[in-house]
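For reference, the structure discussed in these notes is given below.
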Amino acid sequence: LLLGGIGLLAIARIGGYSIAVPDGHWRRIAILSACNIIGWNVFAVYGVSLLPSGRAALLGFTMPVWSAILSVLILHDRITPRRIVGLLLGLSGIVALMGGSIAGFMKAPTGVVCMLLAAWSWALGIVLFKRLPVPMPTISLTGWTMLIGGLPLLAFAIPLETSRLVVPGPWPLGGLIYNTLVAFMFCYWAWNRIVLMVPVAVSSLSALATPLIGVLSGMLLLGEPLGLQEVTAAALILGAVATVSIKR
C-alpha cells in the first residue's frame with residue numbers, strides 16, 4: 001500500500017496532475033481510506049486465513065448486495081428491474097462457484113464474519129466515493145487513500161508481525177511486485193475511475209468478473225479442472241454484468 005501510494009503520487013506529479021489535497025477535504029479522504037483500504041484489506045486478509053477454503057474469498061463478492069442497499073439508503077438510487085435481475089444473476093453465479101464450500105463456511109464462523117465485514121466495508125466505500133466527492137484527480141486521490149490507509153496498518157504490523165518476517169523467495173517477491181504495480185497502483189486507480197463514472201449497481205456487479213477470472217486463472221496456471229459448475233457460474237456472472245452494462 002505504501003509503495004503503491006507513493007508510486008501513484010509520483011506518476012501524478014510527473015504527469016502534471018496536482019497532488020495537493022483541497023482545503024477541508026482531508027477528513028473525507030480519511031473516511032474513504034478507512035472503508036476502501038483499511039476495512040477491506042484487514043478483514044479480507046484475516047477472513048481468508050481463518051476459512052478452510054481459498055474460495056471463501058467469494059464471500060467478499062456479496063458486496064453488490066450491500067452496495068445496492070446502501071446506495072438506496074445513502075444516495076437515494078432507484079432499484080430498477082434490470083439491476084434486480086443483474087443482482088440475482090450475479091449472486092447465483094457466486095453461489096455456483098462456492099459449490100460444496102458452503103458447508104465448510106459454517107465450521108469457521110469468525111472467518112465468515114470477517115469476509116462479510118470486508119464486503120460491507122468495500123460496499124460502503126463505493127457509495128461514499130459518490131456521497132463525499134473530492135475535487136482532485138483520481139490518480140492523486142487513490143494515492144493518498146492508499147498512503148493514509150497504509151500508515152496505520154504499518155504501525156500495527158511492526159509490533160504484531162515483525163517476529164514472523166522472512167526473506168521472500170522469488171515467487172513471493174514476484175507476488176509483491178505484481179500486487180504493488182498491477183493490483184494496487186493500476187487496479188485501484190482503474191476501479192476508482194469506474195466507481196466515479198458509472199452508477200453504483202453497474203460498478204458493483206462488474207466486480208463479479210474478479211472471482212470468475214480467478215477460477216479461469218486456476219485452470220490455466222494451476223491445472224485446476226473446469227467443470228459444469230464453473231461454466232454455469234461463468235454464464236450467470238457474465239449475464240449479470242451484461243444486464244446492467246449493455247444498453248437496451
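Can you tell which of Ala96, Ala118 is buried (at least 16 other Cβ atoms within 10 Å of the Cβ) and modelled with pLDDT under 80?
Ala96
Name the residues in segment 16-45 that are over 22 Å from the mean Cα position of the chain (by Cα), open to solvent by less than 50 Å² (accessible area, probe 1.4 Å) and closer than 18 Å to Ala190 by Cα, would you?
Ile19
What do you reckon, is Ala207 open to solvent by less than 80 Å² (accessible area, probe 1.4 Å), out of contact with any Asp or Glu (no Cβ under 7 Å at 6 or more places or on another chain) and in contact (Cβ under 8 Å) with a residue 24 or more places away in the chain?
yes
Between Val112, Val95, which is over 23 Å from Ile6 (Cα atoms), part of a helix (DSSP H, G or I) and in contact with a helix residue (DSSP H, G or I) (Cβ under 7 Å, 6 or more places away or on another chain)?
Val112
Would you check if there is a residue in segment 194-204 being within 16 Å of the chain's Cα centre (by Cα), open to solvent by 40 Å² or more (accessible area, probe 1.4 Å) and either of a type outside the set (Gly, Ala, Ser) or within 23 Å of Pro137 (Cα to Cα) (or both)?
Yes: segment 194-204 contains one or more residues that are within 16 Å of the chain's Cα centre (by Cα), open to solvent by 40 Å² or more (accessible area, probe 1.4 Å) and either of a type outside the set (Gly, Ala, Ser) or within 23 Å of Pro137 (Cα to Cα) (or both).
Inside segment 216-241, can you point out the residues that are farther than 25 Å from Val198 by Cβ, open to solvent by less than 70 Å² (accessible area, probe 1.4 Å) and part of a helix (DSSP H, G or I)?
The answer is Ser217, Gly218, Met219, Glu230, Thr232.
Among (1) surrounded by fewer than 15 Cβ atoms within 10 Å (Cβ to Cβ); (2) more than 16 Å from the chain's Cα centre (by Cα); (3) in a helix (DSSP H, G or I); (4) modelled with pLDDT of 90 or more, where does Val182 come up short?
Answer for Val182: the failing condition is (2).
Is there a residue in segment 74-88 that is touching a Pro at 6+ places or on another chain (Cβ under 6 Å) and modelled with pLDDT under 80?
No, segment 74-88 contains no residue that is touching a Pro at 6+ places or on another chain (Cβ under 6 Å) and modelled with pLDDT under 80.
Just wondering, is there one or more residues in segment 154-169 that are in a helix (DSSP H, G or I), touching a residue at least 24 places away in the same chain (Cβ under 8 Å) and either surrounded by 14 or more Cβ atoms within 10 Å (Cβ to Cβ) or of a type outside the set (Gly, Ala, Ser) (or both)?
yes
The values are calculated or read from the model by the stated rules, or taken from the named source; none is laboratory data. Everything numeric in this text was worked out from a predicted model, so none of it was measured. Glycine also receives a Cβ, built like all others from the backbone with ideal geometry; neighbour counts cover every protein chain displayed. Protein only, heavy atoms only, side chains kept; ligands, DNA and RNA dropped before computing areas. Shrake-Rupley method; radii C 1.70, N 1.55, O 1.52, S 1.80 Å.
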